[in-house]
Amino acid sequence: MLSGTAGGWEAESRCESHIDAIVRERYGTWAWGWSWCYRYGGPIGNWVSGPSSVTTPDETAERVVSALLEWREWLERTARRFTELAPPPDASPEDRSWHLERACVRLVTHTLDSGAEGGWHRQASIVLGWFLTSTGMDRAEAARAVESAIGGRFESWVTPERTLIDSVGEDLAAGLTGHAPYRDHRERAALEALHDRC
């Protein structure tokens, strides 16, 4: 039986904690975000919280499976974006700056497109950090670079203007390469169009 508000939803919250422990033990660290609901800045729509999502055993199990599959699909889609946006290994500092600025802009937009609401900027920071580490950067260095570029400029429940996203991208790129990203180069038009379609 569900505890309801009289019990402060304690049983449902405990159940969620047990489910989380089982999922992490069974699937490993990649599964940590299976319950990260869009209402709280994540990309998941199939799970909200213990009090909202724990019902009968069968319904709860179905929600957990759906949320885990949704998380895995989001991770795979995000990883594909990383591959598409990564600077070539032999890029000059100027080219690397351009790639990093474009990647930042597109990954912040990727976060916004996930449907994340309150705390969406946390997802954006995590995704940008993951992207930078996927290019070979140390995790602590990536976290510092992202914090320096974003630095409180994004807010919960507020969709930023494109100019602000562009500015964060420029700051990230310049901070990492020492070069401002160049714009509107014709030889990059096809790559720009590809990234804009994805």
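The values are calculated or read from the model by the stated rules, or taken from the named source; none is laboratory data. Remember, predicted model here, so these are calculated numbers, not experimental data. We place every Cβ from the backbone using ideal geometry, glycine too, and count neighbours over all the protein chains shown. These accessible areas exclude ligands, DNA and RNA; they are computed on the full protein's heavy atoms, side chains included. Shrake-Rupley method; radii C 1.70, N 1.55, O 1.52, S 1.80 Å.
So that you can scan it fast, the table gives a plain yes or no per residue for (1) among the hydroxyl-bearing types (Ser, Thr, Tyr); (2) at pLDDT 90 or above; (3) farther than 20 Å from Arg122 by Cβ; (4) in a helix (DSSP H, G or I):
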residue	(1), (2), (3), (4)
Ala6	no, no, yes, yes
Cys15	no, no, yes, yes
Ile19	no, yes, yes, yes
Ile22	no, yes, yes, yes
Ala31	no, yes, no, yes
Trp47	no, yes, no, no
Pro51	no, no, yes, yes
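Among the listed residues Gly152, Gly118, Gly178, which satisfies the condition of being touching a helix residue (DSSP H, G or I) at 6+ places or on another chain (Cβ under 7 Å), among the small types (Gly, Ala, Ser) and either farther than 24 Å from Trp71 by Cα or free of Cβ contacts under 8 Å to residues at least 24 places away in the same chain (or both)? Full working, then the answer.
On the way: Gly152 fails: touching a helix residue (DSSP H, G or I) at 6+ places or on another chain (Cβ under 7 Å); Gly118 fails: either farther than 24 Å from Trp71 by Cα or free of Cβ contacts under 8 Å to residues at least 24 places away in the same chain (or both).
Every option except Gly178 fails the conditions.
Scan segment 110-125 for residues that are under 14 Å from Trp74 (Cα atoms) and either open to solvent by 10 Å² or more (accessible area, probe 1.4 Å) or of a type in the set (A, V, I, L, M, F, W, C) (or both) and jot them down.
His110, Leu112, Asp113, Ser114, Gly115, Ala116, Ala124
Looking only at segment 28-42, how many residues end up being out of contact with any strand residue (DSSP E or B) (no Cβ under 6 Å at 6 or more places or on another chain), among the aromatic types (Phe, Trp, Tyr) and open to solvent by less than 100 Å² (accessible area, probe 1.4 Å)?
Restricting attention to segment 28-42, the residues satisfying the condition of being out of contact with any strand residue (DSSP E or B) (no Cβ under 6 Å at 6 or more places or on another chain) are 28-35, 38-42.
Remaining after also requiring among the aromatic types (Phe, Trp, Tyr): 30, 32, 34, 38, 40.
Restricting the remaining residues to those that are open to solvent by less than 100 Å² (accessible area, probe 1.4 Å) gives 30, 32, 34, 38.
Total satisfying the criteria: 4.
For segment 159-198, which positions are out of contact with any Ser or Thr (no Cβ under 8 Å at 6 or more places or on another chain), modelled with pLDDT under 85 and within 22 Å of Ser125 (Cβ to Cβ)?
His195, Cys198
Scan Asp90, Asp58 and give me the residue that is part of a loop (DSSP other than H, G, I, E, B) and modelled with pLDDT under 95. Can you show your working first?
Numbers: Asp58 fails: part of a loop (DSSP other than H, G, I, E, B).
When all the criteria are applied, what remains is Asp90.
Name, by its number, the condition in (1) under 30 Å from Gly178 (Cβ atoms); (2) in contact (Cβ under 8 Å) with a residue 24 or more places away in the chain; (3) of a type in the set (A, V, I, L, M, F, W, C) that does not hold for Leu75.
(1)
Inside segment 157-169, can you point out the residues that are within 14 Å of Leu112 (Cβ to Cβ), touching a Lys or Arg at 6+ places or on another chain (Cβ under 9 Å) and either part of a helix (DSSP H, G or I) or hydroxyl-bearing (Ser, Thr, Tyr) (or both)?
Leu164, Val168, Gly169
Being closer than 22 Å to Pro43 by Cα and either open to solvent by less than 60 Å² (accessible area, probe 1.4 Å) or not hydroxyl-bearing (Ser, Thr, Tyr) (or both) is the filter here; which residues of segment 126-138 pass it?
Ile126, Val127, Leu128, Gly129, Trp130, Phe131, Leu132, Thr133
Would you be able to say whether some residue in segment 43-65 is among the small types (Gly, Ala, Ser), surrounded by fewer than 21 Cβ atoms within 10 Å (Cβ to Cβ) and more than 22 Å from Glu12 (Cα to Cα)?
Looking for residues that are among the small types (Gly, Ala, Ser), surrounded by fewer than 21 Cβ atoms within 10 Å (Cβ to Cβ) and more than 22 Å from Glu12 (Cα to Cα), one finds none in segment 43-65, hence no.
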